[in-house]
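Here's the structure, in structure tokens; my notes come after.
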Amino acid sequence: MSKEKNTTASVPHMSSSHRAHAQLREQLLRSKFLPGQKINEVSLASELAISRTPLREALNRLVAEGLLVDRERGFSVPGLEADVVIDLFEARVEIECATVRLACERAEKAELEALSDFLTESMAESPDASVDRLMELDIRFHDTIAEMARNKVLRQMLSNLNDRIHLIRWIAMEGRRNYTQNEHREILDHICAGDTEAAIGVMREHILHRNEDILVAIKAAYGHVYTRPTS
């Protein structure tokens, strides 16, 4: 996955703990650390130019978000255990279907028109666009539906789940780049028509949810993180 410009340094009043959290979250989403890897706090504190106390605060926050695991004798990156990943995708499916149902009830016409315009632009994206760019477009579409649902708890839950399955989604996106945008358009068309059941049905099929497909993506994810260049 490509590296993105670090913007945390541009926030003058961000505490060292919050800055460390933002930097580490980005590194975890970009798979800088391997699944199951133990975190070396001394090395990390030096790398981030931060003392151990705010670093520990950032690490504990990432544990609460499910992006790290507290092993009592130290922190480590979650593995890609099939049962855990399958549970996360199952939860995502149910939350996304709930946000679609609420969006069908609560979305305003102007919001739907704005999302339609966004889809028109995103569907015109170059077929050679990076997976990172496709992920950006995909996340924005799903988050916009969650925003239209007018339920902050569901939206936050979805955001956290997406963080925790970011690598698997990234891998799956590579194999679905020819279908994703068309499926987004179909979902939105059903929402605009007020056809809740049809919108939910397409959303359920749109999300990677079959266990066999998830297992294939997990295997591909391991292959990606262990064979990518180290630079």
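The values are calculated or read from the model by the stated rules, or taken from the named source; none is laboratory data. Being a predicted model, the structure only gives us computed values, none of them experimental. Note: ideal-geometry Cβ built from the backbone for every residue, glycine included; neighbour counts use all protein chains shown. Remember, those area values only see protein heavy atoms, side chains included, never the ligands or the DNA or RNA. Shrake-Rupley method; radii C 1.70, N 1.55, O 1.52, S 1.80 Å.
See the values below:
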{"item": "Region 162-175, subset more than 21 Å from Val77 (Cα to Cα) and touching a residue at least 24 places away in the same chain (Cβ under 8 Å), residue surrounded by the most Cβ atoms within 10 Å (Cβ to Cβ)", "result": "Met173"}
{"item": "In region 204-228, residue farthest from Arg176 (Cα to Cα) [restricted to those that are basic (Lys, Arg) and either part of a loop (DSSP other than H, G, I, E, B) or at pLDDT below 90 (or both)]", "result": "Arg228"}
{"item": "Helices (runs of 4 or more DSSP H) enclosed by region 11-71 - at least 1 residues per element that are in contact with a strand residue (DSSP E or B) (Cβ under 9 Å, 6 or more places away or on another chain)", "result": "41-48, 52-64"}
{"item": "Residue, nearest to Cys104 (Cα to Cα), within region 148-161, restricted to residues that are part of a helix (DSSP H, G or I) and in contact (Cβ under 8 Å) with a residue 24 or more places away in the chain", "result": "Met148"}
{"item": "Residues of region 23-51 that turn out to be free of Cβ contacts under 8 Å to residues at least 24 places away in the same chain and either open to solvent by 30 Å² or more (accessible area, probe 1.4 Å) or over 23 Å from Glu72 (Cβ atoms) (or both), as a count", "result": "9"}
{"item": "Count - residues of region 52-64 that are over 22 Å from the mean Cα position of the chain (by Cα) and open to solvent by 70 Å² or more (accessible area, probe 1.4 Å)", "result": "4"}
{"item": "Failed criterion for Met173 (all others in (1) closer than 14 Å to Glu105 by Cα; (2) touching an Asp or Glu at 6+ places or on another chain (Cβ under 7 Å); (3) not polar (S, T, N, Q) hold)", "result": "(1)"}
{"item": "Within region 194-231, tally of residues that are under 30 Å from Glu113 (Cβ atoms) and open to solvent by 80 Å² or more (accessible area, probe 1.4 Å)", "result": "3"}
{"item": "Filter pass, Gly194 being part of a loop (DSSP other than H, G, I, E, B) and farther than 30 Å from His21 by Cα", "result": "yes"}
{"item": "Among the residues listed as Asp213, Asp189, Asp143, the single one being touching a residue at least 40 places away in the same chain (Cβ under 8 Å) and of a type in the set (Asp, Glu)", "result": "Asp213"}
{"item": "Within region 110-136, tally of residues that are touching a residue at least 40 places away in the same chain (Cβ under 8 Å) and within 20 Å of Ile200 (Cα to Cα)", "result": "4"}
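Let's see how each residue does on (1) touching a Cys at 6+ places or on another chain (Cβ under 8 Å); (2) among the hydrophobic types (A, V, I, L, M, F, W, C); (3) open to solvent by less than 30 Å² (accessible area, probe 1.4 Å):
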{"position": "Leu115", "(1), (2), (3)": "no, yes, yes"}
{"position": "Phe118", "(1), (2), (3)": "no, yes, yes"}
{"position": "Ser130", "(1), (2), (3)": "no, no, no"}
{"position": "Met135", "(1), (2), (3)": "no, yes, yes"}
{"position": "Asp138", "(1), (2), (3)": "no, no, yes"}
{"position": "Asn151", "(1), (2), (3)": "no, no, no"}
{"position": "Ser159", "(1), (2), (3)": "no, no, no"}
{"position": "Thr180", "(1), (2), (3)": "no, no, yes"}
{"position": "His184", "(1), (2), (3)": "no, no, yes"}
